[in-house]
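To start, the structure itself, in C-alpha cells.
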Amino acid sequence: MSTILEIKNLNLGFNLSDGFRQAVWDVSFSLERGETLAIVGESGCGKTVSTMSILQLLPETAKIQSGEICFDGENLLNLSQKQMQKIRGKRIALIPQDPMTSLNPLYTIGNQLLEVIELHQGLKGKEAFDVALNALEKVKIPDAKEKMSAYPHEFSGGMKQRVIIAMALACHAEVIIADEPTTALDVTVQAQIMEILREIKKQENLSVILITHDLGIVAQNADKVAVMYAGRIVEYAPVKELFKNPKHPYTKALLNVILDINTEKVETIDGQPPSIENNISGCPFHPRCAQCMEICVKKNPPKRTIDGSVVCCHLYD
C-alpha cells in the first residue's frame with residue numbers, strides 16, 4: 001500500500017477573548033490507500049478539529065501554527081481556498097456528524113446530488129442523473145429512481161446518512177472522513193451504515209478516517225487506531241495490537257469503560273478531560289492516571305515505539 005494522506009507535527013489553536021489557546025499538539029498520522037484509520041478519544045480531545053484542518057474547514061478563530069498536511073504528495077496548507085475547492089468534496093469527502101441537518105430541506109435529494117455531480121464532475125442531464133442514480137443504488141436505497149424526487153424530511157436518519165455517502169461516491173472521492181457517522185442512529189441502522197461503508201471501501205479502494213467514540217465499531221472496521229487525549233495522540237497502533245496489548249493508561253481506561261452484565265455496573269475514568277484553557281504541567285493525563293509517577297507531573301513524555309505501537313508514556317522510560 002502507498003500513503004495517500006499524511007499529517008506531520010500539526011499544531012493549531014484558537015484566538016479566544018483572553019488570548020491564544022493551543023488545542024492540538026504535534027499530531028502526526030498517515031493513511032494508506034484502501035486503509036481505515038480510526039481516531040478515538042473523549043469529546044473535546046481534538047479529533048474533529050484535527051481532521052477538519054485537512055479540509056481547511058476551521059472556524060475563523062482557528063490558527064494552524066505549524067505542521068504539514070500532505071495529500072497525494074502535496075501540502076494542502078500551501079493551497080488557496082479556490083484550489084482547495086477542487087479537492088474538498090471531490091477527492092476528500094466528509095460524512096458529517098449529524099445526518100439530520102446535513103441536507104438542505106428545500107431541495108430534493110436528486111437536486112442536491114446533481115448539484116454536487118455538476119460541480120465536481122462537470123456532468124449534466126441524463127449522464128449526471130445516471131451517476132446519481134448509480135450512487136444511490138450502491139448505498140442500497142430502495143426504489144432509488146423514485147427517491148430522487150423525494151425531500152430530506154421524507155427520509156429517516158439512516159437513509160439521510162446513505163445519501164451523504166452517495167454524494168461522496170458520485171464524486172469518486174479517494175478519502176472519506178467519517179465524523180461520528182453513526183451518531184443519533186439506532187443500533188440496527190448503525191450496523192447497516194458501517195456495513196455499507198465497508199463494502200464501498202473494498203469495492204472502490206477508498207481510504208477512510210473514522211472518528212468515533214465506539215470502540216466496537218473501531219474493532220470491526222479499523223486497520224490502525226490513533227488514541228487522542230487533550231489534543232495529543234497518546235497511542236498509535238495497529239488495531240489488533242491496540243486491543244490485544246494496549247500500552248497507554250488512557251487507552252487501557254477507555255477499553256475498560258464497558259458494562260459488566262453480571263454487576264450491571266459501568267467502569268468509568270475518574271475526573272474530567274481538560275479544556276484548552278487548562279494549563280497542565282507534565283503529562284496531560286496525570287491528574288486522572290492511576291499509575292502517575294513524580295516525573296509525570298513535571299515532564300511531558302516523548303514518543304516511543306514499542307512492539308509496533310507509538311506511545312507517549314513515562315512507564316516505558
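The values are calculated or read from the model by the stated rules, or taken from the named source; none is laboratory data. What you see is a predicted model, and the numbers here were worked out from it, not measured in a lab. Every residue, glycine among them, receives a Cβ derived from its backbone with ideal geometry; neighbour counts consider all protein chains shown.
Has segment 116-131 got at least one residue that is modelled with pLDDT of 90 or more, buried (at least 19 other Cβ atoms within 10 Å of the Cβ) and of a type in the set (Phe, Trp, Tyr)?
No, every residue in segment 116-131 fails to be modelled with pLDDT of 90 or more, buried (at least 19 other Cβ atoms within 10 Å of the Cβ) and of a type in the set (Phe, Trp, Tyr).
Please list, ordered by first then second residue, the pairs with beta carbon atoms under 7 Å, 6 or more apart or interchain, first in segment 216-229 and at pLDDT 95 or above, second assigned to a helix (DSSP H, G or I) and of a type in the set (S, T, N, Q).
Every condition considered, the pairs that remain are Val227/Thr251.
Here are Glu204, Glu235, Glu174: which of them is farther than 23 Å from Val257 by Cβ, under 17 Å from the mean Cα position of the chain (by Cα) and among the charged types (D, E, K, R)? Even if it seems obvious, please write down each step before you answer.
Values: Glu204 fails: under 17 Å from the mean Cα position of the chain (by Cα); Glu235 fails: farther than 23 Å from Val257 by Cβ.
Just one listed residue meets the conditions, Glu174.
Closer than 24 Å to Leu94 by Cβ, touching a residue at least 40 places away in the same chain (Cβ under 8 Å) and within 24 Å of the chain's Cα centre (by Cα), is that true of Ser275?
no
Residues in segment 31-49 that are of a type in the set (S, T, N, Q) and either over 13 Å from the mean Cα position of the chain (by Cα) or modelled with pLDDT of 95 or more (or both): how many?
Count: 1.
Out of the residues in segment 97-115 meeting the condition of being among the hydroxyl-bearing types (Ser, Thr, Tyr) and at pLDDT 90 or above, tell me which one is surrounded by the most Cβ atoms within 10 Å (Cβ to Cβ).
Thr108
Only one of (1) touching a Cys at 6+ places or on another chain (Cβ under 6 Å); (2) under 20 Å from Ile211 (Cβ atoms) is not met by Ala93, so which one is it?
(1)
Regarding segment 194-206, can at least one residue be identified that is free of Cβ contacts under 8 Å to residues at least 12 places away in the same chain, closer than 30 Å to Ile7 by Cβ, of a type in the set (Asp, Glu) and surrounded by fewer than 22 Cβ atoms within 10 Å (Cβ to Cβ)?
yes
Looking at Pro273, Pro302 in this structure, which one is modelled with pLDDT under 95 and closer than 18 Å to Ala23 by Cβ?
Answer to the check: Pro273.
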